[in-house]
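Colleague: What follows is a structure written as structure tokens; I'll ask about it next.
Coordinate-derived values only; no laboratory data. All figures in this text were calculated on a predicted structure; none of them were measured in a lab. FYI the Cβ positions are ideal-geometry reconstructions off the backbone, even for glycines, and counts take in every protein chain you see.
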Amino acid sequence: MLIRIIYVSKAVGPQTTTMTSAILQASQTWNKAHDVTGVLCQGQGVFLQALEGERRAVTDLYARIHADQRHTDVEMLHCESIVKRRYANWSMAHVSLSDIDPETKIDWPEFDPYGTTGVLVMARIDELLASGSVIQGR
Ligand SMILES: Cc1cc2nc3c(=O)[nH]c(=O)nc-3n(C[C@H](O)[C@H](O)[C@H](O)COP(=O)(O)O)c2cc1C
């Protein structure tokens, strides 16, 4: 049984490259080993992550992530059963929200993930992926 979840959270302290690299490194190893795929958008003090995989694996991972002291105000935006993965190509793709080219016309600062639905957030994530903002993949 596959599921996909999306959550938003706020970084505790600055989102340094060191912190991002540590998160991504852990993610890519664990996620690959447990067949979890997804996207981590990070920047402007916010994390936005989509995780998909077996329900047990995603549930366990979310519990661990939720308890992680590097972020706070973790809110589940979306959870659904799926038959097909959306982010099958990435154990954890990384989109840096700070590097987004203004030309992509994604008004990120005006987009408040806490104030909108999971479906809209997922559409934004897909826009970011389509605009080629991914800086790291499998
Ligand atoms: C925003 C954010 C996203 C994370 N994403 C993942 C992930 O996709 N996969 C993963 O294994 N760990 C991820 N982590 C790290 C976990 O929270 C946790 O530190 C790691 O799984 C090690 O857990 P442990 O210390 O309980 O062994 C993430 C952490 C943060 C702050």
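Colleague: Do you know the relative contact order of the chain, to the nearest whole percent, from alpha carbon pairs under 8 angstrom that are 6+ apart?
Modeller: That works out to 35 percent.
Colleague: Please report, to two decimal places, log10 I(q)/I(0) for segment 1-78 at q = 0.26 Å⁻¹ as given by the Debye formula with identical point scatterers on the Cα atoms and no solvent.
Modeller: Scattering profile of segment 1-78, log10 relative to I(0): -1.42.
Colleague: Could you rank the peptides 14-21, 89-96 by their average count of other C-beta atoms within 10 Å per residue, with the highest value first?
Modeller: Per-residue Cβ counts within 10 Å, averaged per peptide and sorted highest first, yield 89-96, 14-21.
Colleague: With charges set only on the Cβ (+1 for Lys and Arg, -1 for Asp and Glu), what does the dipole of the chain come to about its Cα centre, in debye to the nearest 20?
Modeller: Result for the chain is approximately 540 debye, rounded to the nearest 20.
Colleague: In addition: Hey, any idea what Rg/Rh is for the chain, computing Rh the Kirkwood way over Cα pairs?
Modeller: Rounded to two decimals, Rg over Rh is 0.92.
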